[in-house]
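One structure is given here, and the rest of the page talks about it.
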Amino acid sequence: MKFILGEKIAMTQFFDDKGRAFAATLVSVTPSVVTQVKNVEKDGYSAIQIGYGTRKAKNINKAQKGTWGDKGNFAHVAEFRVEPSDLANYTVGQIIPSDAFAANDTIRVTGISKSKGFQGGVKRHGFKGGPRSHGQKHSEREPGSIGGSGGRAGGRVAKGMRMAGRMGGDDITVRNLKVLAVDKASNTMIIKGAVPGRRGTVLRVIG
């Protein structure tokens, strides 16, 4: 199992050696540092914690300083569950390089999706809205009835009813993505297709 933290830069276009063009995402994958190795005996589960990026020392609390020591002032930290047998491959302070992945590797990418604020049923759930003719007025994007027999006695709104509300900002995983290229000199990775989030979103890349 391989993993690394990265930061979404932008979408781009990638041409392979046959001249085919692919929609792709450019991701910054500055080397990460193993900050903690967790095992079943002490922590109840096996995982590798890694740190990514840097921030000012004044913004690091005492608990983080005690855990990280002189390994760095990390802006982001993430844990990756691994099999107990894989723990021997990692040590605290180990560097996970930007070329941990290679071209043609199959990966999955997890990140926070774009937040779209408070949205109606048409945008949030794909409702078709009301009729566009026959004298309708102001009902083109209304959700329709939310009560009736579906709400049982008293006509209350049934639990789980799809309605307007906050949209986006969810932890999304996209699977079966392909690495198109990795440039160790610039610490960048080109991934085929789109990944969750806006520019600057921190991504967890797992292979």
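The values are calculated or read from the model by the stated rules, or taken from the named source; none is laboratory data. Values in this document were obtained by computation on a predicted structure and should not be read as measured data. All Cβ positions, glycine included, derive from the backbone under ideal geometry; neighbour counts span all protein chains shown.
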* Structure fact -> All conditions in (1) in a loop (DSSP other than H, G, I, E, B); (2) touching an Asp or Glu at 6+ places or on another chain (Cβ under 7 Å); (3) within 15 Å of Lys2 (Cβ to Cβ) are true of Thr110 except (1)
* Looking at (1) surrounded by 15 or more Cβ atoms within 10 Å (Cβ to Cβ); (2) not assigned by TED's automatic domain parsing to the domain that holds Ala10, can you tell me which one His125 breaks? -> (1)
* **Selected residue (criterion: farthest from Ile112 (Cα to Cα)) from residues of the range 163-196 that are in contact with a helix residue (DSSP H, G or I) (Cβ under 8 Å, 6 or more places away or on another chain) and either of a type in the set (Asp, Glu) or outside any loop (DSSP other than H, G, I, E, B) (or both)** => Gly165
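I'd like to know if the range 100-116 contains one or more residues that are over 31 Å from the mean Cα position of the chain (by Cα) and of a type in the set (Lys, Arg).
no
Taking the range 1-25 only, how many residues are buried (at least 17 other Cβ atoms within 10 Å of the Cβ) and within 15 Å of the chain's Cα centre (by Cα)? Walk me through how you get there before you give the answer.
Step one: of the range 1-25, the residues buried (at least 17 other Cβ atoms within 10 Å of the Cβ) are 3-8, 24-25.
Still in the list and also within 15 Å of the chain's Cα centre (by Cα): 3-8, 25.
Qualifying residue count for the region: 7.
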* **Within the range 3-50, tally of residues that are within 18 Å of Asn89 (Cβ to Cβ) and assigned to a strand (DSSP E or B)** => 14
* Just for the range 132-162: of the residues that are closer than 19 Å to Phe118 by Cα and touching a Gly at 6+ places or on another chain (Cβ under 6 Å), which one is modelled with the lowest pLDDT? -> Ser139
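Output yes when any residue across the range 136-143 is more than 22 Å from the chain's Cα centre (by Cα) and either exposed (fewer than 10 other Cβ atoms within 10 Å of the Cβ) or under 19 Å from Ile9 (Cβ atoms) (or both), and no when none is. Show your work before the answer.
Restricting attention to the range 136-143, the residues satisfying the condition of being more than 22 Å from the chain's Cα centre (by Cα) are 136-143.
Next, from what is left, pick out any that are either exposed (fewer than 10 other Cβ atoms within 10 Å of the Cβ) or under 19 Å from Ile9 (Cβ atoms) (or both): 137-138.
Yes.
Working only within the range 60-102, note down all residues that are in a strand (DSSP E or B), among the β-branched types (Val, Ile, Thr) and surrounded by fewer than 15 Cβ atoms within 10 Å (Cβ to Cβ). Working first, answer last.
Here is the first cut: in the range 60-102, the ones in a strand (DSSP E or B) are 76-81, 95-96.
Restricting the remaining residues to those that are among the β-branched types (Val, Ile, Thr) gives 77, 95-96.
Scanning the range 60-102 gives a single hit, Ile95.
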* Asked: For Lys56, are the conditions met, namely being among the charged types (D, E, K, R), in contact (Cβ under 8 Å) with a residue 60 or more places away in the chain and closer than 30 Å to Leu26 by Cβ?
  -> no
* Structure fact -> The condition of being touching a residue at least 12 places away in the same chain (Cβ under 8 Å), of a type outside the set (D, E, K, R), over 23 Å from Pro196 (Cβ atoms) and crowded, with 16+ Cβ neighbours inside 10 Å holds, among Ser46, Ser28, Ser32, only for Ser46
* All positions within the range 1-29 that are out of contact with any Asp or Glu (no Cβ under 8 Å at 6 or more places or on another chain) and hydroxyl-bearing (Ser, Thr, Tyr) -> Thr12, Thr25
* List every residue pair whose Cβ atoms sit under 8 Å apart, with the two residues 6 or more apart in sequence or on different chains, where the first one lies in the range 101-117 and is in contact (Cβ under 8 Å) with a residue 12 or more places away in the chain and the second, anywhere, is part of a strand (DSSP E or B) and of a type in the set (Gly, Ala, Ser). => Ala103/Ala181; Ser113/Gly168; Lys114/Gly168; Ser115/Gly168; Lys116/Gly168; Gly117/Gly168
* Structure fact -> Residues of the range 5-24 being touching a residue at least 24 places away in the same chain (Cβ under 8 Å) and either of a type in the set (Lys, Arg) or in contact with a Leu (Cβ under 9 Å, 6 or more places away or on another chain) (or both), in sequence order, are Leu5, Gly6, Glu7, Lys8, Ile9, Ala10, Met11, Thr12, Phe14, Asp16, Phe22, Ala24
